[in-house]
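Notes for the one structure printed next.
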Amino acid sequence: MVKLTAIQLSSAASVETNLAKIAELLTKITEDKIAATTKKPQHLVVLPECCLYFGGKDSEQLSLAKKSAKTNALCQALANLAKKFKVYLVAGTIPILTPSGEKFTNSSCIFNPNGELIGQYDKIHLFDVNVNDSTNSYCESHYTQAGENIAVVNTAFANIGLSVCFDLRFPNLFQQLTTLGAEIITVPSAFTKVTGKAHWQTLLQARAIENQVYIIAAGQEGVHENGRETWGHSMIINPWGEIEKSIEIGEGYISVDYQKQAVTRIRQSMPLHSPLSN
């Protein structure tokens, strides 16, 4: 038995505050899991983009990356949560300093229940756009260095493809993840309210349908300290494109049972992809 969970946050510009929120929600999630079954199911939990720091200046993310580089504090804190609650944790994204020290990567890290880092994906498609909202212009690339490599993490229960937020608009990335064997694709995000209302659900369902994968989309939600407003509407979508669970506003979580046989059945009945040969 495998559980899939998406956590929705309204993260603050404080690592300590956000870690406490995540720990509180993980406590509730694991208590519910124990109450629901006598077995110990494997559990994949996905956090939103910028899960440990959001709502401040972009330059503060760079400062956080520099500070963390000396102690590996951000990764260690998330690893400790994965180990404490015995879950596979896709830790949204955190800023990781580049070798030059001038920028950071917006990195999605996945930890196993032993607290070991088993995969990392650096966001490839950066959010450099104009949006008709209070922020108006976004230039993620000013402080962030784009990643170069896609990532599929193999676990005992499923192959997990990693993506982040704006990547959702680039179907070729998802097709590559599926070709490499992904059965689940995680989408930690901080979609703006304007773009989220227009396109979020449509894009998520399209990526699930065309790739015949489970999509776990965990979002930021609400008005943050810097005035930025995010859409929320976190959801888990099955490989037929059906929304199994969603949470529109507020902080919280949603969970579903992972049905591996559903992925197999749909792919066999409607073949769309062939894994790359080694």
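Can you tell me which residue is nearest to L4 (Cα to Cα) among those in region 257-266 that are surrounded by fewer than 18 Cβ atoms within 10 Å (Cβ to Cβ) and in contact (Cβ under 8 Å) with a residue 12 or more places away in the chain?
Step one: filter region 257-266 for residues surrounded by fewer than 18 Cβ atoms within 10 Å (Cβ to Cβ), giving 257, 259-262, 264-265.
Filter again for in contact (Cβ under 8 Å) with a residue 12 or more places away in the chain, leaving 257, 259-260, 262.
Values: D257: 6, Q259: 10, K260: 12, A262: 14 Å.
Of everything passing the filter in region 257-266, D257 is nearest to L4 (Cα to Cα).
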Check: When you look at C75, is it part of a helix (DSSP H, G or I) and either in contact (Cβ under 8 Å) with a residue 40 or more places away in the chain or within 18 Å of the chain's Cα centre (by Cα) (or both), yes or no?
Finding: yes
Check: Just one of the numbered conditions (1) more than 20 Å from L26 (Cα to Cα); (2) crowded, with 23+ Cβ neighbours inside 10 Å; (3) without any contact (Cβ under 8 Å) to a residue 40 or more places away in the chain; (4) not polar (S, T, N, Q) is not true of I96; which one?
Finding: (2)
Check: Q176 passes all but one of (1) surrounded by 15 or more Cβ atoms within 10 Å (Cβ to Cβ); (2) of a type outside the set (K, R); (3) in contact (Cβ under 8 Å) with a residue 60 or more places away in the chain; (4) more than 24 Å from P99 (Cβ to Cβ); which number fails?
Finding: (3)
Note to self: Checking T202 against (1) over 24 Å from K245 (Cα atoms); (2) among the β-branched types (V, I, T); (3) surrounded by fewer than 18 Cβ atoms within 10 Å (Cβ to Cβ), only one condition comes out false. Which one?
What the structure shows: (1)
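Here, each number is a calculation from the coordinates, and none is a lab measurement. Nothing here was measured: the structure is a model prediction, and the numbers come from that model. Heads up, the Cβs are rebuilt from the backbone with ideal geometry, glycines too, and the neighbour counts pull from every protein chain shown.
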